[in-house]
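Comments concern the structure below.
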Amino acid sequence: MWLYEVPIAIAMPLFVALFIGISLLIVIALRKWVPRTGDGANEWDRVLGYAMASYGVLYGVTLALIAAASYENYRGVEEIVLQETSAISVLYRDAAGFPEPTSTELKSLLVEYTDHVISVDWVSQAGGVLPSHTSKQATEIAEVLFSFEPANESEANLHLATITAFNDFIGDRGARIGATAQEIPPILWLVLYTGALINAVLIGLVEVGRLRIHLTMAGLVAAFVGIVIFAIASFDHIYMGEVAIDTTLFEELRNALLMKNG
């Protein structure tokens, strides 16, 4: 989608300008239908005032809830990525306690896995595709880990702790990959855009004497609604666009692991 391919400094003004433009056109198209004077105008104002007050609360709450949920989902995936990198760090620390050649093999596989997440998995996720490339490294880590036979109680305890850490790692990995497909359901997008359209129509039906004031009011409201919906869209696809969760945590982890190796 173009929204995630264009820099935010360009995408957001274009997105908001579209909302403003549609809102202004609606105002111009509807002004001739608005009663200006007389009893009809008074009744129109009362009915429209009630409708706008009720609708404003309903749409405002809906917009706020969806925006909050979208941001919470974004923060949740950030936490998942942090948990996965922490799990890898724990596995690497545990691997150092294994005898050779198991220790070196496990540590090499963990560094290789981290490299592949950065260079391969994230590229797929940024394209909205569920990554599967690191399944090979995860399987190889499991094979080395589960084929190890402890020679004493100390190694047995370490082996058990490492298996527990590995299971946590697999769970975090699955959650991170699964987040690639997470998105706001189409029905909610329909609610957001239909709500924005109704909002513009109601503002267009307000009786305002001067066209310039009417257009300014409509434009300001449309700009704010457009900014909020743009923010929701930016948080919707976790790994796409400039607001996306990036590989920073994995890059920091890789550098730390290489320093330990060095």
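The values are calculated or read from the model by the stated rules, or taken from the named source; none is laboratory data. Quick caveat, the model's predicted, so the values are computed rather than measured. Note: ideal-geometry Cβ built from the backbone for every residue, glycine included; neighbour counts use all protein chains shown. Accessible surface areas use protein heavy atoms only, side chains included; no ligands, DNA or RNA. Shrake-Rupley method; radii C 1.70, N 1.55, O 1.52, S 1.80 Å.
Accessible area per residue for the range 190-262, computed on protein heavy atoms with a 1.4 Å probe, is 49 Å².
Using unit Cβ charges (K, R positive; D, E negative) and no other charged atoms, how large, in debye to the nearest 20, is the dipole of the range 67-154 about its Cα centre? The dipole of the range 67-154 has a size of about 240 debye.
Beta carbons within 10 angstrom, averaged per residue: use that to sort the peptides 76-89, 152-165, 96-109, highest first.
Details: 76-89: 18.4, 152-165: 14.0, 96-109: 15.7.
The packing order, highest mean first, is 76-89, 96-109, 152-165.
Contact order for the chain, expressed relative to its length and based on alpha carbon pairs under 8 Å spaced 6+ residues apart, stands at 41 percent. Taking the C-alpha atoms only, the angle from helix 135-147 to the longest principal axis of the chain is near 40 degrees. Residue by residue, the range 162-176 carries 3J(HN,Hα) couplings of 5, 4, 4, 5, 5, 4, 4, 4, 4, x, 5, 4, x, 5, 5 Hz when phi is fed to the Karplus relation 6.51 cos²θ - 1.76 cosθ + 1.60 (θ = phi - 60°); x denotes Gly or Pro.
Among the listed options (i) 20.4; (ii) 22.2; (iii) 18.4, the one matching Kirkwood radius over Cα pairs in Å as calculated from these coordinates is (ii).
Charge dipole (Cα centre; +1 on Lys/Arg Cβ, -1 on Asp/Glu Cβ; no other charges) of the range 202-254 amounts to roughly 420 debye. For the range 225-241, putting each phi into the Karplus relation 6.51 cos²θ - 1.76 cosθ + 1.60 with θ = phi - 60° gives couplings of 4, x, 5, 5, 5, 4, 4, 4, 5, 5, 7, 5, 9, 4, 9, 10, x Hz, in residue order, rounded to whole numbers and with x for Gly and Pro.
Using just its DSSP H runs of length 4 or more, each adding -39500 (n - 2.57), the chain gives a mean residue ellipticity at 222 nm of -26500 deg cm²/dmol after division by all residues. Rounded to the nearest 20, the Cβ-based charge dipole of the chain about its Cα centre (Lys and Arg +1, Asp and Glu -1) stands at 1740 debye.
The range 186-262 and the range 55-81 have Cα centres separated by 11 Å. Seen through its C-alpha gyration tensor, with square-root eigenvalues sorted a ≥ b ≥ c, the range 66-135 comes out oblate because a/c lies at 1.5 or above while a/b is not bigger than b/c. Couplings 3J(HN,Hα) for the range 61-75, derived from phi with the Karplus relation 6.51 cos²θ - 1.76 cosθ + 1.60 (θ = phi - 60°), are 5, 4, 4, 5, 5, 5, 4, 5, 5, 5, 5, 4, 5, 4, 5 Hz, where x marks Gly and Pro. Heavy-atom accessible area, probed at 1.4 angstrom with all protein chains present, ranks LEU188, LEU205, LEU58 as LEU58, LEU188, LEU205, highest first. The candidates TYR50, TYR74, arranged from most to least accessible area with a 1.4 Å probe in the full protein assembly, appear as TYR50, TYR74.
If you take every residue apart from GLY49 with its C-beta less than 13 Å away from the C-beta of GLY49, what net charge results, scoring Lys and Arg +1 and Asp and Glu -1? Its environment carries a net charge of -2.
May I ask for the net charge around LEU91, where only other residues with Cβ less than 12 Å from the Cβ of LEU91 are counted and Lys, Arg are +1 while Asp, Glu are -1?
Numbers: positive: ARG93, LYS107, ARG173; negative: GLU84, ASP94, ASP168, ASP172.
Once all neighbours under 12 Å are counted, the net charge is -1.
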